[in-house]
Amino acid sequence: MNGGSDHTRPPLFPQSVRLKSRKLIEVLHSGGTDFFLFPLRAKIIRIQHADNPGVQVLVNVSKKRFKHSVDRNRVKRLLREAFRLHFPENLELEAKASQELLLIALHYIHQDLPPFHTVEKTWIKISQKINYHALVATRLD
């Protein structure tokens, strides 16, 4: 048995949500809309992508600010968990309906390890901005 529970937990950050393509990362960083809410900077862009519509996210923590990989990984885990808990579902549904791919990059820009509630509150505010600006975000064909 798996701890007495037959319920399987959904993946925390599924592969389909991770932004890994170098081409798409270049497109995201060459254009898009920036949002800055301390301690996060977010960049978003919508592109026409009939093969794989939906939402993909890139999480980035600078090696310059966190020398130890355990600290960088901790911050990335916190960012992914905040994203998973408070992701606006309507963005993904809208992107799939319009055959678009919404790319989001989250950059942690502070030097100190954050408590989860700080990352969570900041992600909620950013997701509200993304939700509002997703309609007017830069579109590329």
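Looking at the P(r) of segment 37-140, how many percent of alpha-carbon pairs lie beyond 16 Å? Please report the intermediate quantities before stating the final value.
Details: 2993 of 5356 pairs.
In whole percent, the long-distance tail amounts to 56.
Could you tell me the convex hull volume per residue, in Å³, taken over the Cα atoms of segment 28-94? The partial results should precede the final answer.
Details: hull volume 8.0 nm³, N = 67.
Once divided by residue count, the hull of segment 28-94 is 120 Å³.
Counting Lys +1, Arg +1, Asp -1, Glu -1, what net charge surrounds Ile126 among other residues with beta carbon under 15 Å of its beta carbon? Don't skip to the end; give the middle numbers.
Working: positive: Arg41, Lys43, Arg80, Arg84, Lys121, Lys125, Lys129; negative: Asp34, Glu81, Glu120.
Result for the neighbourhood of Ile126: +4.
No value in this document is a laboratory result; all are computed from the given coordinates. Since we're looking at a predicted model, the values are computed, not measured. Positions of Cβ are backbone-derived with ideal geometry, glycine not excepted, and every protein chain shown enters the neighbour counts.
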